[in-house]
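J.: Take a look at the following structure, please.
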Amino acid sequence: MRHFIKLEDFSKKQIQELIDLSFDYKNNTNIPKLKNKICALLFLENSTRTLNSFQVACNRLGIFPLYSPANSSSLSKGETLADTVATLAAIGANYLVLRHPDNDICDILRATVGNQISIINAGSGAAHHPTQALLDLMTIYENKKTWSGLKIAIAGDIKHSRVASSLIAGLNIMGDNKINLIAPEQCKLEFAQYNNIEYFTDLGDGIDNADVIVMLRIQKERFAADGLMDGYNAWQLTAGKLARAKDDVIIMHPGPVNRDVEIAGDLVEHSKSRILQQVQNGVYCRMSVLVSLGV
Ligand code: NCD
């Protein structure tokens with residue numbers, strides 16, 4: 001494994017190994033030291049969880065994190081991204097953790113500078129967010145102990161969410177589950193390649209008898225969402241609607257949460273919420289990706 005660009009590049013066995021390793025790290029077992037390794041972190045979109053958890057993952061592994069704020073790097077002086085990455089590799093960076101608005105940027109860089117540095121996709125456009133999908137899969141497995149027979153409801157801005165597309169890909173690699181997608185018309189996206197997906201516009205119907213509910217933020221930075229926000233309460237997860245899901249349902253959300261928009265604020269701290277467990281698991285999953293790239 002040289003790069004970590006999208007989950008679709010990996011087999012069920014490889015993803016299972018990454019998750020097993022993440023559980024080891026969570027149990028504080030077998031944590032290696034990768035001294036003398038350097039990890040460049042280049043974020044061309046905002047981030048709290050992903051950026052900081054990569055930095056903490058580096059710290060736990062003894063890797064030196066080299067963070068270049070995008071607006072003060074030479075990209076703002078007209079340097080191409082490939083030249084910036086080649087420069088970071090020449091300085092000694094072994095890994096590039098990249099967040100970028102273009103869907104396919106990591107594949108483009110793999111073709112140009114991929115022999116100089118290991119590329120880890122920390123979110124590309126609306127298409128891929130493989131380390132998020134890994135931590136989501138880990139959290140589902142931690143709580144449900146199975147990869148099959150679950151009803152997983154994903155609700156909100158599916159169309160512009162790289163979290164949704166990567167998680168759906170990951171779930172379909174790992175097992176055989178029913179996936180309900182609930183979205184208003186502007187946020188709907190059909191995944192013709194999978195036949196285990198059902199589409200809903202009513203949130204209550206979509207989460208009926210669900211084992212897992214994943215709520216998503218409206219990606220206002222990716223489309224003109226103005227008209228949508230007025231009636232958005234209809235798509236908000238509330239305690240009343242939650243009652244239709246299974247008793248042992250878990251609530252997930254990749255964050256950042258917009259309280260009282262996609263989810264009632266008090267559900268964030270609900271006993272069924274696993275939102276901060278996802279954040280914690282993100283550190284362990286990012287550690288396992290860094291270790292498994294074996295640079
Ligand atoms: C997500 C992202 O950046 O795609 N955040 C994250 O990485 N946890 C989701 C979002 O921004 O809504």
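J.: Tally the residues that are of a type in the set (Ser, Thr, Tyr) and within 16 Å of the ligand (Cβ to nearest atom), restricting the search to region 223-249.
T.: Residues that pass the stated criteria total 1.
Table: residues versus (1) closer than 30 Å to GLU198 by Cα; (2) crowded, with 24+ Cβ neighbours inside 10 Å.
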{"position": "ALA90", "(1), (2)": "no, no"}
{"position": "ILE108", "(1), (2)": "no, no"}
{"position": "SER124", "(1), (2)": "yes, yes"}
{"position": "THR131", "(1), (2)": "yes, yes"}
{"position": "LYS145", "(1), (2)": "yes, no"}
{"position": "SER148", "(1), (2)": "yes, no"}
{"position": "ILE154", "(1), (2)": "yes, yes"}
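J.: Residues in region 139-172 that are more than 13 Å from the ligand (Cβ to nearest atom), of a type in the set (Val, Ile, Thr) and not in a loop (DSSP other than H, G, I, E, B): how many?
T.: Summing the residues that are more than 13 Å from the ligand (Cβ to nearest atom), of a type in the set (Val, Ile, Thr) and not in a loop (DSSP other than H, G, I, E, B) in region 139-172 gives 3.
J.: Among the residues of region 222-249, which ones are assigned to a loop (DSSP other than H, G, I, E, B) and touching a residue at least 24 places away in the same chain (Cβ under 8 Å)?
T.: First, the residues of region 222-249 that are assigned to a loop (DSSP other than H, G, I, E, B): 222-225, 231, 236, 238, 243-249.
Across region 222-249, the qualifying residues are ARG222, PHE223, ALA225, GLN236, THR238, ARG244, ALA245, LYS246, ASP248, VAL249.
J.: Any chance you could count how many residues in region 64-87 are surrounded by 14 or more Cβ atoms within 10 Å (Cβ to Cβ), over 23 Å from the mean Cα position of the chain (by Cα) and among the β-branched types (Val, Ile, Thr)?
T.: 2
J.: Looking at region 175-196, which of its residues are of a type in the set (A, V, I, L, M, F, W, C), buried (at least 20 other Cβ atoms within 10 Å of the Cβ) and either at pLDDT below 95 or over 24 Å from ASP230 (Cβ atoms) (or both)?
T.: At the first step, the residues of region 175-196 found to be of a type in the set (A, V, I, L, M, F, W, C) are 179, 181-183, 187, 189, 191-192.
Subset that is buried (at least 20 other Cβ atoms within 10 Å of the Cβ): 179, 181-183, 187.
Matches in region 175-196: ILE179 only.
J.: Inside region 64-131, counting only strands (runs of 3 or more DSSP E) that do not spill past its ends, which hold 2 or more residues that are of a type in the set (Gly, Ala, Ser)? It would help to see each step written out before you state the result.
T.: Numbers: elements: 64-69, 95-100, 118-124.
Fully inside region 64-131 and qualifying: 118-124.
J.: If you don't mind, another one. Of all residues in region 250-295, how many are assigned to a loop (DSSP other than H, G, I, E, B) and either buried (at least 20 other Cβ atoms within 10 Å of the Cβ) or within 13 Å of the ligand (Cβ to nearest atom) (or both)? Write out each step before concluding.
T.: Quick first cut of region 250-295, residues assigned to a loop (DSSP other than H, G, I, E, B) only: 253-258, 260-262, 264, 268-272, 274, 293-295.
Those still in the list that are either buried (at least 20 other Cβ atoms within 10 Å of the Cβ) or within 13 Å of the ligand (Cβ to nearest atom) (or both) too: 253-258, 261-262, 274.
Going through region 250-295 one residue at a time, the tally reaches 9.
J.: Residues ASP136, ASP107: which one is within 16 Å of the ligand (Cβ to nearest atom), within 24 Å of ASP9 (Cα to Cα) and of a type outside the set (Phe, Trp, Tyr)?
T.: Unique residue meeting the criteria: ASP136.
J.: Residues in region 209-243 that are at pLDDT below 95 and surrounded by fewer than 10 Cβ atoms within 10 Å (Cβ to Cβ): how many?
T.: Residues that pass the stated criteria total 5.
J.: Do you know which residues across region 15-40 are exposed (fewer than 14 other Cβ atoms within 10 Å of the Cβ) and at negative phi?
T.: Looking only at region 15-40, we keep the residues that are exposed (fewer than 14 other Cβ atoms within 10 Å of the Cβ), and these are 20, 27-30, 32-33, 35-36.
Of everything in region 15-40, those that are exposed (fewer than 14 other Cβ atoms within 10 Å of the Cβ) and at negative phi turn out to be ASP20, ASN27, THR29, PRO32, LYS33, LYS35.
The values are calculated or read from the model by the stated rules, or taken from the named source; none is laboratory data. Given the structure is predicted, the values throughout are model-derived calculations rather than measurements. Neighbour counts run over all protein chains shown; Cβ positions are idealised from the backbone, glycine included.
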